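S.K.: One structure follows; several queries about it will come next.
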Amino acid sequence: MPNIGNKDKDVMRIPLRKTLHRLSRPRVPSFSSLSRLGVAIFGFGVIGAFCLVVSVLFRGDLEDVSFTAEGRFAMAPPAGLFEPDAACGPLEDVTEATIAPGDTIAAILGKHIAPADIHRLSQESREFRLSRIQAGQSYRITTRDGEFLSFEYVISPLERLVIRAERDEYLIDIQAESQHFRTETASGTIEQNLFEAVKKSGEDAELAVNLADIFAWDIDFCKDLRQGDAFTVVVEKRYAGDAFLGYGRILAAEFTNQGRVLRAFHFAGKSGRGGYFDEKGQALRKAFLRAPLSFRRISSGFTTSRLHPILNVRKPHLGIDYAAPEGTPVWSVGNGVVVEKGYNHAAGNYVTVKHNPTYTTRYNHFSRFAKGIEKGKTVRQGDVIGFVGSTGYATGPHLDFRMYKNGQAINVLENPKIAADPVPAGNMAAFKAKVGPLLAMLTAKETPASMAQAGPQPAPDTFAPPSAPSPAELFASPGKPLPPAAPTAEATPRPSRTARPAT
């Protein structure tokens, strides 16, 4: 029995050990099994990549369906959405202010620049002394993380002073503002006078003077204006940024006076000399101005018999006396050459200008002559040749103006309107090409938008219109209403249009 029992135990123990051994040993897969597993993993990878590509291609549409841009921003924490981060770099701080009364450059820049450096900058700034800063002018200080970068001060619309820090030193400079021209249209209706109508249209008195110069040969702006007269101008305006600096040329103008429509277009030929012409190319400028000065009244007319106010005898007065304040400029009524400059007991200081073989003019009683006026001097229409006075036989300041035709005195109030030369035939095609767009702007029911002209300034115009008198003397007094315009078949009511700014 014992032997049998021991044998049984040996039989049962051995299989147990073998079984335990088989369970503890790892099973090594065969090569075929690994191949099948790799193929499966590769297949799942391809499918996943394909799904990823499809999701990217259609991501916009899917996101548009579920999330808008605003929605995505709304999901971000507001406190951290635009919160500055060190990675964004240093922060610049710009302070803009206006010079207050009593401010000095040292007080303004003392927090940023040492007094010794400010003194040195003051010494180096020769074009503009820093002590000349004025109350009311704008300035700007730029810093970066509290460190000074630059100071800018507006000297004028055309210039600014700039102080900047660069490589551990301060540099000072005067910078010119860039300028540009805009072509704008302005319109108005006469109620009291041209000056008041131009001001109501939003423009300056200078434009009124320039407009009057263009039509001076056809309209007497002291006597011919009527209520309801209207004007439209296409004019160049000069700007620095948005600051208006002044007017350039009037490119086109229309004036309706007592039902009569007059138009003028600026045109310069190959010589560079410009002038104003109507639609047909006829010059508006006449050989002679209607008057040689801005006068208050005519104190004595052309007559063959007048009681002389000083000699108290009847004598012919073969000229026109224009009463005007002493010192009023007197200009030549036409192109010509000074043939006489002198003094006598009757005429006082006088000048005689020969315009051509037919016409000569004489100017008497000057208080003084214009600079450079001498015998043999060539003068152009509108050049100042002297100033109103009361030298010679005169009871008060006035100009005695006389015109001679072939040596015979003629009444200048009836002088013929001899037109200047028209546009040359060889330039008519260019003239018409320029007139077309300007005429459209003048006659448009709505004021067209302004056209900015960037880049170089227009070429200087060598055409010099007559020197313009002051608005107070040129136009009728606002206190005296103008008579209404007589109704005519040509006169049509037109609304007042104001200047449209550039867009």
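The numbers here are math on the coordinates, done by the rules we state, and not lab data. All values reported here derive from a predicted model rather than from experimental measurement. Don't worry about glycine lacking a Cβ; one is built from the backbone with ideal geometry, like all the others, and counts go over all protein chains shown.
S.K.: Determine, for each peptide in 397-404, 109-116, the mean count of other beta carbons within 10 angstrom over its residues, then list the peptides with the highest first.
M.R.: Going from most to least packed, we get 397-404, 109-116.
S.K.: With only Lys, Arg, Asp and Glu charged, each at its Cβ (+1 for the first two, -1 for the last two), find how big the charge dipole of the stretch 90-176 is about the Cα centre; round to the nearest 20 debye.
M.R.: Roughly 320 debye, rounded to the nearest 20.
S.K.: Test of understanding: extend the Cα→C-beta vector of Asp218 to 7 Å, then name every residue of the stretch 237-263 with backbone N under 16 Å from that spot.
M.R.: 251-263
S.K.: Which value in Å is the Kirkwood Rh of the stretch 90-176 over different Cα pairs?
M.R.: Here the Kirkwood hydrodynamic radius works out to 13.2 Å.
S.K.: Evaluate the relative contact order of the stretch 90-176 (contact order divided by residue number), counting alpha-carbon pairs under 8 angstrom at least 6 apart; express in whole percent.
M.R.: About 29 percent, as a whole number.
S.K.: Take each of the peptides 124-134, 363-373, average the number of other beta-carbon atoms within 10 Å over its residues, and list them starting from the highest.
M.R.: In decreasing order of mean packing, 124-134, 363-373 become 363-373, 124-134.
S.K.: Here's a follow-up. What's the FRET efficiency of Arg132 with Ile47 using the Cβ-Cβ distance as r and R₀ = 56 Å, to the nearest 0.05?
M.R.: It comes to 0.10.
S.K.: On a full-extension model of 0.36 nm per residue, what is the gain between Arg167 and Lys111, subtracting their alpha-carbon distance, rounded to one decimal in nm?
M.R.: My answer for the length gained is 18.2 nm.
S.K.: Ratio to report: Rg/Rh of the stretch 297-414, with Cα atoms as the point set and Rh obtained by the Kirkwood method; give two decimals.
M.R.: Using Cα coordinates only, the ratio equals 0.94.
S.K.: A follow-up question, please. Applying the Karplus parametrisation 6.51 cos²θ - 1.76 cosθ + 1.60 with θ = phi - 60° to the phi angles of the stretch 184-200, what ³J(HN,Hα) value in whole Hz is obtained for each residue in order, glycine and proline being reported as x?
M.R.: 10, 10, 9, 9, x, 10, 6, 10, 10, 7, 5, 4, 5, 5, 5, 4, 5
S.K.: Along the charge dipole of the stretch 297-414, pointing to its positive end and built from +1/-1 on Cβ of Lys, Arg, Asp and Glu, which listed residue (Thr360, Val384, Tyr322) has its Cα farthest out?
M.R.: The Cα lying farthest towards the positive end belongs to Thr360.
S.K.: Further question on the same structure: Beyond 23 Å between alpha-carbons counts as too far, so tell me which of Lys341/Lys405; Lys237/Lys434; Lys237/Lys377; Lys223/Lys280; Lys286/Lys432; Lys286/Lys354 fall in that bin.
M.R.: Lys237/Lys377; Lys223/Lys280
S.K.: Using only the alpha carbons, work out the radius of gyration and Dmax of the stretch 154-289 in angstrom.
M.R.: 20.2, 72
S.K.: Can you compute 3J(HN,Hα) from phi for each residue in the stretch 96-112, using the Karplus curve 6.51 cos²θ - 1.76 cosθ + 1.60 with θ = phi - 60°, rounded to whole Hz and x for Gly and Pro?
M.R.: Calculated HN-Hα couplings, in order: 10, 8, 10, 4, 8, x, x, 5, 10, 5, 5, 5, 6, 9, x, 6, 10 Hz.
S.K.: Ok, one more. Cut-off is 10 Å between beta-carbons; in what order do Asp213, Asp168, Asp421, Asp117 appear when sorted fewest neighbours first?
M.R.: Asp168, Asp421, Asp117, Asp213
S.K.: So how strong a dipole does the stretch 134-235 carry about its Cα centre when Lys and Arg Cβ are +1 and Asp and Glu Cβ are -1, to the nearest 20 debye?
M.R.: Here the stretch 134-235 has a charge dipole of around 200 debye.
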